[in-house]
Amino acid sequence: QVQLVESGGGLVQPGGSLRLSCAASGRMVSLNGVGWYRQAPGKERELVASITSRGIRNYAESARGRFSISRDNAKNTVYLQMSSLKPEDTAVYYCNFLGNPLSWGQGTQVTVAS
């Protein structure tokens, strides 16, 4: 069974950092592009960062310079390192394959507040 499990969210103060993890099973992240998405209350889900099978990274304008996507092929896991967090980064963060995406998982809540 192919599965993605997000973790690492939490409450952080503005300016703080968090690292999210997306652990995959049943499909190799090294052979598939993976994206990190987020959905804030009342807003549509948006793609924040992605990494292709070739390791090409892309970022939404809102994330560029503050977020960094990476992967550990041995652990079959994709990470999203977030720094200089802002209140507007508050959302549920999800990961999914770029091609042949799965049904959305539960995601991980990120709350940026003082």
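Throughout, read-outs are computed from the coordinates displayed, never taken from laboratory work. Here the structure is a predicted model, which means the values were calculated and not measured. A quick note on method: Cβ atoms are made from the backbone with ideal geometry, for glycine too, and the neighbour counts reach across all protein chains shown.
Only Cα pairs under 8 Å and 6+ residues apart enter the sum, and on that basis the relative contact order of the chain stands at 36 percent. Summarising the amide proton neighbourhood of L102: residues at separation of 5 or more, or on other chains, whose placed amide H is nearer than 5 Å comprise F97.
Whole-Hz Karplus values for the range 89-101 come out as 7, 4, 4, 8, 9, 10, 10, 6, 6, 6, x, 6, x Hz, taken residue by residue from phi with 6.51 cos²θ - 1.76 cosθ + 1.60 and θ = phi - 60°; glycine and proline positions read x. Cα centroids of the range 1-75 and the range 82-114: 7 Å apart. Is the range 54-96 rounded, prolate or oblate when judged by the Cα gyration tensor, a ≥ b ≥ c being the square roots of its eigenvalues, rounded requiring a/c under 1.5 and prolate requiring a/b larger than b/c? Since a/c reaches 1.5 and a/b is larger than b/c, the shape of the range 54-96 is classed as prolate.
Two decimals, Cα atoms only, Kirkwood Rh: what is Rg/Rh over the chain? Walk me through the numbers on the way to the answer.
Working: Rg = 13.1 Å, Rh = 13.9 Å.
Reported Rg/Rh, Kirkwood definition of Rh: 0.94.
Taking the range 54-114, which trypsin sites (Lys or Arg not before Pro) meet the DSSP loop condition and have no more than 15 other C-beta atoms within 10 Å?
Within the range 54-114, the qualifying trypsin sites (Lys or Arg not before Pro) (loop, at most 15 other Cβ atoms within 10 Å) are R54, R64, R66, K75.
Taking amide H as placed 1.01 Å from N in the peptide plane, the amide H of G107 sits under 5 Å from that of E6, each at least 5 places away or on another chain. Note on the chain: dipole from Cβ charges, positive end direction compared against F67, V110, I56; the farthest Cα belongs to I56.
For the range 21-83, averaging the sequence separation of C-alpha pairs within contact (under 8 Å, six or more residues apart) and dividing by the residue count gives a relative contact order of 36 percent. Within the range 1-52, the trypsin sites (Lys or Arg not before Pro) that combine a DSSP coil assignment with at most 12 other C-beta atoms in a 10 angstrom radius are K43. Database remark: amide H of G33 closer than 5 angstrom to the amide H of S53, L98, G99 (H placed geometrically; neighbours at sequence offset of 5 or more, or on other chains; Pro and chain starts carry no H).
Taking the Cα of S30, stepping 7 Å toward and past its beta carbon, and measuring to each backbone N in the range 73-87: which are under 14 Å? Zone members listed by number: 73-78.
Translational diffusion coefficient of the range 1-47 (Stokes-Einstein, Kirkwood radius from Cα pairs, 37 °C, 0.692 mPa s): 255 µm²/s. Residue by residue, the range 35-44 carries 3J(HN,Hα) couplings of x, 9, 10, 9, 9, 8, x, x, 10, 7 Hz when phi is fed to the Karplus relation 6.51 cos²θ - 1.76 cosθ + 1.60 (θ = phi - 60°); x denotes Gly or Pro.
Comparing N73, N58, N32 in a Gaussian network model of the chain, where Cα atoms under 10 Å apart are tied by springs, the biggest mean-square fluctuation is seen for N73.
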